[in-house]
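Below: one structure, written as structure tokens.
We did not get these values from a lab; they are worked out from the coordinates using the rules stated. Owing to the predicted nature of the structure, the values given are computational and were not obtained by experimental measurement. Cβ placement follows ideal geometry from the backbone for every residue including glycine, while neighbour counts extend to all protein chains displayed.
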Amino acid sequence: MAFVAADTTQLGYIPEESWGVIPATPNWKLLRMTSESLQIDRSTVTSSEIRPDRNVADLITVGGGASGGFNFELSYGIFDDLIAAVLESEWNTDKVVNGAKQTSFALEKRLALGEDNYEYHRFTGMTPNTLSLNCEAQQIVTGSFGFMGKGGAVDSAIVSEAQYTDAPTDSIMNTSSHFANLTVTGAANPCIQSLSIEISNALRARNAVGSLDSIGIGGGRFSVTGSMNCYFESNSLYKKFLDDESVSLSFVVGTMASKKYKITMPRIKFSGGAPAAGGNDQDVMVNLSYQAIFDSVLGGTMSIERGVA
């Protein structure tokens, strides 16, 4: 009996020209990941038919779709297409600001059953819905992408004339030697233990009579939230929360010159948090949650720059 080892799983993507349609002779771009949860969805309804023998008459499949995502360790260049798509925008001279242009991808997951024996799970209409980034002291920068899509299918062969492009092999970024220029308005050189960013497009599946799969993906508001767990040095940041004042947040992450990202949120407001003495032999910390809001100068809520020196 053949069992599939997760270590041999391969994941690739390609932008779609038409929503829900894999391009002809695709050139799949392979991704680097630490785990994945992509799935073809099926929703069912249990029959309410009354039977004198008390048995359930049927379980009926009434809906489909695709969902899930993958986790990653951040490295340069590999996720640029997906970053722009989750911001619903495009790179403009190595800078992307969130917009309202939806982009979809086809994803292919390859499972190895043995030598030269593979099963392929393909997902279409996969629209990036979420992106998370986690920066914790003395750790790797990690994150995840989440998708919502039209549907999918399984196969035992590649798409006709398909090609595969290997993922870039740049070094994985960490928060010790690859994190710099953290700036928070009103706090001089803040010392943080961890920083998280959660991006959501609030997508929704559009379903219609006569179709098992989704007929489209509806968009919602662009939302950026997160938290900063800071060493308590003064009331400067805490007072920003108490006084309902907005601040800016930006930082740079990357392994070498011209292969760095700068993430900027010109206006954030703290939504909660207070200095807390957790116990003996501990530092007093203030864990501040935040919401990014629209900035008229930027023309959006956040920007990401690449190729930063």
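Whole number please: convex hull volume per residue, Cα atoms of the range 1-107, in Å³.
On the way: hull volume 21.4 nm³, N = 107.
Residue-normalised Cα hull volume stands at 200 Å³.
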Along the range 36-52, Karplus-curve 3J(HN,Hα) (6.51, -1.76, 1.60; θ = phi - 60°) to the nearest Hz, with x for Gly and Pro, reads 8, 9, 5, 8, 8, 8, 9, 10, 10, 10, 7, 4, 9, 4, 8, 10, x
Please give me, ordered by residue number, the trypsin sites (Lys or Arg not before Pro) of the range 85-193 that lie in loop per DSSP and have at most 12 other Cβ atoms within 10 Å.
101
Selection of trypsin sites (Lys or Arg not before Pro), the range 198-235, meeting DSSP coil and at most 11 other Cβ within 10 Å
221
Computed over the Cα atoms, what is the radius of gyration of the chain divided by 2.2 N^0.38 Å, N being its residue count?
1.16
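Which whole-number value in Å³ per residue fits the convex hull of the alpha carbons of the range 138-233?
Details: hull volume 18.0 nm³, N = 96.
Residue-normalised Cα hull volume stands at 187 Å³.
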What spacing in nm lies between the two simple spin-label points modelled at residue 59 and residue 164, each 7 Å away from Cα in the Cβ direction?
3.3
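Viscosity 0.692 mPa s, temperature 37 °C: Stokes-Einstein D of the range 170-309 from its Kirkwood Cα radius, in µm² per second? Mind showing how you got there, number by number?
Working: Rh = 17.2 Å.
Calculated translational D: 191 µm²/s.
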Cα-based Rg and Dmax for the range 76-230, where Dmax is the largest Cα-Cα distance (Å):
19.0, 59
Dipole of the range 1-110, Cα-centred, from +1 at each Lys and Arg C-beta and -1 at each Asp and Glu C-beta, to the nearest 20 debye?
200
Calc'd 3J(HN,Hα), the range 163-174, phi into Karplus 6.51 cos²θ - 1.76 cosθ + 1.60 (θ = phi - 60°), Hz, glycine/Pro = x, comes to 10, 9, 9, 4, 6, x, 10, 4, 5, 6, 7, 10
How large is ³J(HN,Hα) for each residue in the range 292-301, as worked out from phi by the Karplus curve 6.51 cos²θ - 1.76 cosθ + 1.60 (θ = phi - 60°), to whole Hz, x for Gly and Pro?
7, 10, 4, 10, 5, 5, 6, x, x, 9
Computed FRET value (nearest 0.05) for residue 236 with residue 171, which takes r as the C-beta separation and R₀ as 41 Å:
0.75
Long-range amide H partners of residue 260 with built H, under 5 Å:
307, 308
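Taking the Cα centre of the chain as origin, sum charge times position over the Cβ atoms of Lys and Arg (+1) and Asp and Glu (-1), and report the length of that vector in debye to the nearest 20. Please list the in-between numbers first.
On the way: 22 positive and 33 negative charges, 144 e Å.
Magnitude of the dipole: close to 700 debye.
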Debye calculation, C-alpha points only, no solvent: report log10 I(q)/I(0) for the range 182-235 at q = 0.15 Å⁻¹, in the same order as the q values.
-0.62
